[in-house]
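Every number here is computed from the coordinates shown, using simple stated rules; none is lab data. Since the model is a prediction, treat every value here as computed from it, not as a measurement. No Cβ is skipped: glycine too gets one built from the backbone with ideal geometry, and neighbour counts run over all protein chains shown.
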Amino acid sequence: MKVTETNLKGCFIIDPTIYEDDRGVFFETYQKERLDTIVGYEVNFVQANQSLSQEGTLRGLHFQRGNYAQAKLVSVVKGNILDVVVDIRKDSNTYGEHFKIQLSEINKKQLFIPKGMAHGFLALEETIFTYQCDNFYNRNSEQGIIYNDEKLGINWGYPESKMIISLKDRELPSFSEIKL
C-alpha cells in the first residue's frame, strides 16, 4: 500500500496493494489499524453509503457542521469520477484551498477526507461510488458550497452545459456565505 498526503493536511490518497492472477484481482479496501496509523488517530466508521450516478452527474460540495462533522473514506467500485475536496477549517494554512483527483475502478485509489472538508464529485461515466463515514448523517447539520464558486476556482474539466446537478446543489451558498 502506498499512502500520499495531499496539499490539504490530513487528507490522504491511498493506493492499495493489488494482487492479480488468472482468477482475478484482490485488494484490501479497509483495515482499521492501518488506517488509524496513516491518519494518526483512531477512526471509527459508523455508516457506509453507496451511490449510482450517470455520466455528468455532479454531487456537492457537501459537508456537515459541528458535532456531526464527518471524516470519510471514499472510493469507486465501478466507473470514474473527479473527486474534489475543499478545506473549510478556518484555522488551517490551506483554508479555502482545494484538492482534486480521479478515482476509478481501474486505478482503485481511495481518498481519506478528514473532518472539516467539503466534498463533491463529478461522474465522468456511469459510476458506483462508495464512502464510509465516522459520524451519522444529520439533516440539520448538512450544508454545502456551490460547485462553481468563483473564489474556489475549481476547474471540473467538463462542459457545464452537460452537468446534471440537483436543484438543491444548484442553490448552495458561495464559500464566503457558508456558516461553519
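Could you please let me know if Thr57 is among the hydroxyl-bearing types (Ser, Thr, Tyr) and over 25 Å from Glu126 (Cα atoms)?
no
In the stretch 2-59, how many are without any contact (Cβ under 8 Å) to a residue 12 or more places away in the chain and touching a strand residue (DSSP E or B) at 6+ places or on another chain (Cβ under 6 Å)?
4
Let me spell it out: the conditions are (1) within 22 Å of Asp169 (Cα to Cα); (2) in contact with a Pro (Cβ under 7 Å, 6 or more places away or on another chain), and Glu126 meets all of them except one. Which number is the exception?
Status for Glu126: all satisfied but (2).
If a residue counts only when it is touching a Gly at 6+ places or on another chain (Cβ under 9 Å), which strands (runs of 3 or more DSSP E) contained entirely in the stretch 30-90 have at least 1 such residues?
47-53, 58-64, 80-87
For Gln70, are the conditions met, namely being buried (at least 18 other Cβ atoms within 10 Å of the Cβ), touching a Cys at 6+ places or on another chain (Cβ under 6 Å) and not basic (Lys, Arg)?
yes
Of (1) farther than 25 Å from Arg34 by Cα; (2) among the acidic types (Asp, Glu); (3) surrounded by 14 or more Cβ atoms within 10 Å (Cβ to Cβ), Glu150 satisfies all except one. Which?
Exception for Glu150: condition (3).
For the stretch 97-109, indicate whether the set of residues that are of a type in the set (Gly, Ala, Ser), in contact (Cβ under 8 Å) with a residue 60 or more places away in the chain and within 30 Å of Phe26 (Cα to Cα) is non-empty.
Among the residues of the stretch 97-109, not one is of a type in the set (Gly, Ala, Ser), in contact (Cβ under 8 Å) with a residue 60 or more places away in the chain and within 30 Å of Phe26 (Cα to Cα), which makes the answer no.
Among residues belonging to the stretch 8-55 that are of a type in the set (Phe, Trp, Tyr) and closer than 27 Å to Ala118 by Cβ, point out the one that is surrounded by the most Cβ atoms within 10 Å (Cβ to Cβ).
Among them, the one singled out is Phe12.
Considering Arg59, Arg34, which residue is on the phi < 0 side of the Ramachandran plot, more than 16 Å from the chain's Cα centre (by Cα) and of a type in the set (Lys, Arg)?
Arg34
Those residues that are farther than 23 Å from Leu35 by Cβ and surrounded by 16 or more Cβ atoms within 10 Å (Cβ to Cβ), I need them from the stretch 99-126; list them, please.
Hits for the stretch 99-126 are Leu122, Ala123, Leu124.
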